[in-house]
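Notes follow the structure.
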Amino acid sequence: ICGFAAAAVYVVGDLVLGFVYKSSRLYSFKDQWISELTARGSPVRPGMLTVITIHDLLLIAFGIGIWRAGADAQNRSLRWAGVTLSATHAYGLLIHPFFPMTSRWLEPNPSDWMHGAATAVWGIGISVAMVLAAVAIRGWFRWFSIVSLVVIVGSSALSSVAIQGIEENDTPWAGALERVSAYGFMVWLVVLASITLRPYRAETEPNLGTAESGPSRAG
């Protein structure tokens, strides 16, 4: 349930606060990063910080739930996927409050470099969690995770290239590409939440299988 809620909070927060920003200053969902909503100088920074904090706390709880599901099913890879999700989002709680981007009309400072480096580390943690979950749960979910990871990493890389023109305020498609990456991860979370919740909805013993044998229902 925390997985569903975390995805909903993030998407709604991005859309609502993006439109609020757009009404007070020029903001483009297509050309500007989500991180610019939490940037130093952003009029919606306090609101988006609240959204990101709630999102991260929900995903810490979700990771604990995934760890418990893996423990019940004696699935080591799923347990580690849960641990990695929780640890990555606990770390994520530090990024936007302490290492924000600088709004593009302000003078850049060292926080911009730190934001990029911290976000890259966060992305590695997410990728590891997705790989572990794919190892843990065989069948269509494994292929879905592989495709999702390719889309997430690929669109994130293209967005990082597009944002290089930020000093000239020329970042075509940077925001759209980043949202493909971010929303792709939200979709993956919802699917994982649905799979791990299914045995409990059916009031049966968790049947997520082991990393060695694979699941009969969840896979």
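The values are calculated or read from the model by the stated rules, or taken from the named source; none is laboratory data. Predicted, not measured: the structure shown is a model, and the values here were computed from it. Backbone-built Cβ (ideal geometry, glycine too); neighbour counts: all protein chains shown. Keep in mind that these areas ignore ligands, DNA and RNA; they rest on the heavy atoms of the full protein, side chains included. Shrake-Rupley method; radii C 1.70, N 1.55, O 1.52, S 1.80 Å.
Restricting attention to segment 48-68, does a residue exist that is touching a residue at least 24 places away in the same chain (Cβ under 8 Å), acidic (D, E), in a helix (DSSP H, G or I) and touching a Gly at 6+ places or on another chain (Cβ under 9 Å)? Scanning segment 48-68 turns up at least one residue that is touching a residue at least 24 places away in the same chain (Cβ under 8 Å), acidic (D, E), in a helix (DSSP H, G or I) and touching a Gly at 6+ places or on another chain (Cβ under 9 Å). Scanning segment 167-174 turns up one or more residues that are modelled with pLDDT of 95 or more and assigned to a helix (DSSP H, G or I).
Within segment 87-102, track down each residue that is open to solvent by less than 20 Å² (accessible area, probe 1.4 Å) and assigned to a helix (DSSP H, G or I). Within segment 87-102, T88, H89, G92, I95 meet the criteria.
So H55 clears everything in (1) over 18 Å from the mean Cα position of the chain (by Cα); (2) crowded, with 18+ Cβ neighbours inside 10 Å; (3) not charged (D, E, K, R) except one condition, right? Which one? Single failed check for H55: (1).
Applying the criterion of being without any contact (Cβ under 8 Å) to a residue 40 or more places away in the chain and farther than 15 Å from C2 by Cβ to the residues of segment 69-86, the residue that is least open to solvent (accessible area, probe 1.4 Å) is A71. On the stretch given as segment 96-119, residues that are under 17 Å from D56 (Cβ atoms) and aliphatic (A, V, I, L, M) total 1.
The residue that is nearest to T102 (Cα to Cα), counting only those in segment 143-187 that are crowded, with 16+ Cβ neighbours inside 10 Å and among the charged types (D, E, K, R), is E178. State whether one or more residues within segment 10-29 are in a helix (DSSP H, G or I), free of Cβ contacts under 8 Å to residues at least 12 places away in the same chain and closer than 20 Å to I163 by Cβ. Yes, the conditions are met somewhere in segment 10-29.
Considering segment 103-138, and only residues there that are open to solvent by less than 10 Å² (accessible area, probe 1.4 Å) and not in a helix (DSSP H, G or I), the residue that is farthest from E167 (Cα to Cα) turns out to be I137. If you go through segment 161-175 and keep only what is in contact with a helix residue (DSSP H, G or I) (Cβ under 8 Å, 6 or more places away or on another chain) and not β-branched (V, I, T), you end up with A162, P172, W173, A174, G175. The combined condition, being under 23 Å from S159 (Cβ atoms) and touching an Asp or Glu at 6+ places or on another chain (Cβ under 8 Å), is fulfilled by L37. Each residue in segment 1-30 was checked for being within 16 Å of the chain's Cα centre (by Cα) and farther than 23 Å from I60 by Cβ, and 1 of them qualify. D72 meets the conditions (1) within 29 Å of R198 (Cβ to Cβ); (2) at pLDDT 95 or above; (3) of a type outside the set (A, V, I, L, M) in every case but one. The failed one is (2). State yes or no: is R198 at pLDDT 95 or above, of a type in the set (K, R) and assigned to a helix (DSSP H, G or I)? Judged against the criteria, R198 is not a match. Checking each residue in segment 2-46 for being among the hydroxyl-bearing types (S, T, Y) and open to solvent by less than 20 Å² (accessible area, probe 1.4 Å) picks out Y21, Y27, S35, T38, S42.
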